[in-house]
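Everything below concerns the one structure shown next.
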Amino acid sequence: MVSAVVMSLGAGAACAQNYPSKVIRIVTAAPGSNNDWASRLIAQELTRSLGQRVIVENRGGGVAVEYAAKSPPDGYTLLFSGNTVWLLPFLRDNVPYDPVKDLAPVTLAIRSVIVIVVHPSLPVRSVRELIALAKARPGELNYAAGTIGGSPHLAAEFFKAMTGTDIVRVPYKGTGPSVTALVGGEVHLMFPGLGSVAPHVKSGRLRAIAVATTTPSVLAPSLPTIAATVPGYEALSIMGMFAPAKTPASIVNLLQQEIARGLNKPDVKELLFNGGVEVIASTPEEFAATIKSDMTRLGKLIRAAGIHE
């Protein structure tokens, strides 16, 4: 029972004695993304374990982050998002929130492998062929990306910087519309999380040519790495749950425990794995350390590559 979990949290648990007593809202990015899919699985599991309804609200990228950051720190508004949260300030001036001061990490929930996928009409089947075509046709190839600072956006920009290619970004309102555009032939390629495009790759509507991990991924064992052709290239897609800053530690810890329990259920874990997603379910402290490391490492890469909106 939730009450027993809360009681076991020790000092500071009193503020969470009656939590949750109403609907919990998880705000996340636009439909069609791994963020959206995973957040709905988490909401389903939390509804069961907490005995209170948990709903998902799609607000899109920076809007979702700002909304969550400015919500009351009572555990009833949560944010599920990827590295856009902590990297957007490196890409855009006057971001209306501070990722460290305004948000409390709950758990680094999942990790998805990023892949290069192309429309079948593009005559490339390898990273080497893609680079050669892009250099032969500078400014003519384009890629789809949703949220500024999201993994698909940064993965593409890092690829351009490290290969010296000129591939034009075409913005869409989220991963779902980006994938739809790629399947429809509106754009040439994309750097999404595997889970967002797996059905289209299996059906042949899209062609996957490489993964963005430094070593072959168990999530996509048949694909070579980008790093085999572009040494040192790596792009990660990690997603986690946040609460507004100053949310009581007892509530944060309760949420982390229940989210981890739900994600690690064999059926949920298998469903995510089959969709190209790996369960992490870290502690709040581990998530905070990952954010700090990511801001240091990727912040330098963003500045070095001159990526700015």
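The values are calculated or read from the model by the stated rules, or taken from the named source; none is laboratory data. As the structure is a computational prediction, the values presented were derived from the model and not from experiment. In this analysis, Cβ positions are derived from the backbone assuming ideal geometry, glycine residues included, and neighbour counts consider all displayed protein chains.
Given the criteria of a type in the set (A, V, I, L, M, F, W, C), surrounded by fewer than 18 Cβ atoms within 10 Å (Cβ to Cβ), in contact (Cβ under 8 Å) with a residue 40 or more places away in the chain and in a helix (DSSP H, G or I), does Ala198 qualify? Show your work before the answer.
Values: of a type in the set (A, V, I, L, M, F, W, C): yes; surrounded by fewer than 18 Cβ atoms within 10 Å (Cβ to Cβ): no; in contact (Cβ under 8 Å) with a residue 40 or more places away in the chain: yes; in a helix (DSSP H, G or I): yes.
Criteria not met by Ala198.
Out of the range 30-59, which residues are on the phi > 0 side of the Ramachandran plot and surrounded by fewer than 17 Cβ atoms within 10 Å (Cβ to Cβ)? Outline the logic, then answer.
Kept after step one, since they are on the phi > 0 side of the Ramachandran plot, are these residues of the range 30-59: 32, 51.
Passing the criteria: only Gly51.
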From (1) of a type in the set (Asp, Glu); (2) out of contact with any helix residue (DSSP H, G or I) (no Cβ under 7 Å at 6 or more places or on another chain); (3) over 28 Å from Arg207 (Cβ atoms), pick out the condition that doesn't hold for Glu45. (2)
Among the residues of the range 224-246, what is the count of those that are at pLDDT 95 or above and of a type in the set (A, V, I, L, M)? 7
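Taking the range 1-49, which residues are of a type in the set (Gly, Ala, Ser), at pLDDT 85 or above and not in a loop (DSSP other than H, G, I, E, B)?
Result: Ala38, Ser39, Ala43, Ser49.
I'd like the residue in the range 184-195 that is buried (at least 18 other Cβ atoms within 10 Å of the Cβ) and either in a helix (DSSP H, G or I) or among the charged types (D, E, K, R) (or both) and, out of all such residues, is modelled with the lowest pLDDT.
Initial filter on the range 184-195 (buried (at least 18 other Cβ atoms within 10 Å of the Cβ)): 187-195.
Restricting the remaining residues to those that are either in a helix (DSSP H, G or I) or among the charged types (D, E, K, R) (or both) gives 194-195.
Working: Leu194: 90, Gly195: 84.
Top of the filtered list is Gly195.
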Do we find that Lys269 is charged (D, E, K, R) and touching a strand residue (DSSP E or B) at 6+ places or on another chain (Cβ under 6 Å) in this structure? yes
Restricting to the range 70-81, what's the tally of residues that are crowded, with 21+ Cβ neighbours inside 10 Å and either among the hydrophobic types (A, V, I, L, M, F, W, C) or part of a loop (DSSP other than H, G, I, E, B) (or both)? 4
Counted residues, the range 158-168 - those being buried (at least 16 other Cβ atoms within 10 Å of the Cβ) and outside any helix (DSSP H, G or I): 2
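Considering only residues that are among the basic types (Lys, Arg) and either part of a strand (DSSP E or B) or within 30 Å of Leu254 (Cβ to Cβ) (or both), which ones fall in the range 201-225?
Initially, the range 201-225 is screened for residues among the basic types (Lys, Arg), giving 202, 205, 207.
Answer for the range 201-225, where residues must be among the basic types (Lys, Arg) and either part of a strand (DSSP E or B) or within 30 Å of Leu254 (Cβ to Cβ) (or both): just Arg207.
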(1) in a helix (DSSP H, G or I); (2) in contact with a helix residue (DSSP H, G or I) (Cβ under 9 Å, 6 or more places away or on another chain) all hold for Glu66 apart from (2)
Only residues that are under 24 Å from His308 (Cβ atoms) and among the basic types (Lys, Arg): list them for the range 136-183, please. Lys160, Arg169, Lys173
If you go through Gly149, Gly176, the only one that is of a type in the set (Gly, Ala, Ser), at pLDDT below 95, outside any helix (DSSP H, G or I) and within 17 Å of Ser33 (Cα to Cα) is Gly149
Could you tell me which residue of the range 226-242 is surrounded by the most Cβ atoms within 10 Å (Cβ to Cβ), considering only residues that are over 20 Å from the mean Cα position of the chain (by Cα) and not in a loop (DSSP other than H, G, I, E, B)? Ala227
Index of the failed condition, Tyr143 passing every other in (1) touching a residue at least 40 places away in the same chain (Cβ under 8 Å); (2) among the hydroxyl-bearing types (Ser, Thr, Tyr); (3) in a loop (DSSP other than H, G, I, E, B): (3)
